[in-house]
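Reading through the structure tokens given below for one structure.
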Amino acid sequence: MSEVKEYTRDRLTVIWDAAKCTHSGRCVRGLPTVFNLQQRPWIQLDKATIEETMAQVDRCPSGALSYRLGADISEESSI
């Protein structure tokens, strides 16, 4: 069974599918403020803009990272 985790902030949800991950490190090298293996949770969406995060997720070579946008769930969107 595949481990799938979701990380949500405001209107952005990033999905990580462990079974698809090839550990290329592209996410960590490309946006280390958001994707940091030394912190928990390892994906911290408040460290970059929605646009920066989506652009980095789009660079994932394995498709292990994906995202979806929804309605803003907070009064103030800060990412």
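What follows draws every value from the coordinates through simple rules; no lab data is involved. All figures in this text were calculated on a predicted structure; none of them were measured in a lab. Glycine gets a Cβ as well: all are built from the backbone with ideal geometry, and neighbour counts include every protein chain shown.
The residues of region 13-67 that are under 18 Å from GLU3 (Cα atoms), crowded, with 16+ Cβ neighbours inside 10 Å, of a type in the set (A, V, I, L, M) and without any contact (Cβ under 8 Å) to a residue 40 or more places away in the chain amount to a single one, ILE43. Which residues, taken from region 1-44, are outside any loop (DSSP other than H, G, I, E, B) and of a type in the set (D, E, K, R)? Passing the criteria: LYS5, GLU6, ARG9, ASP17, ARG26, ARG29.
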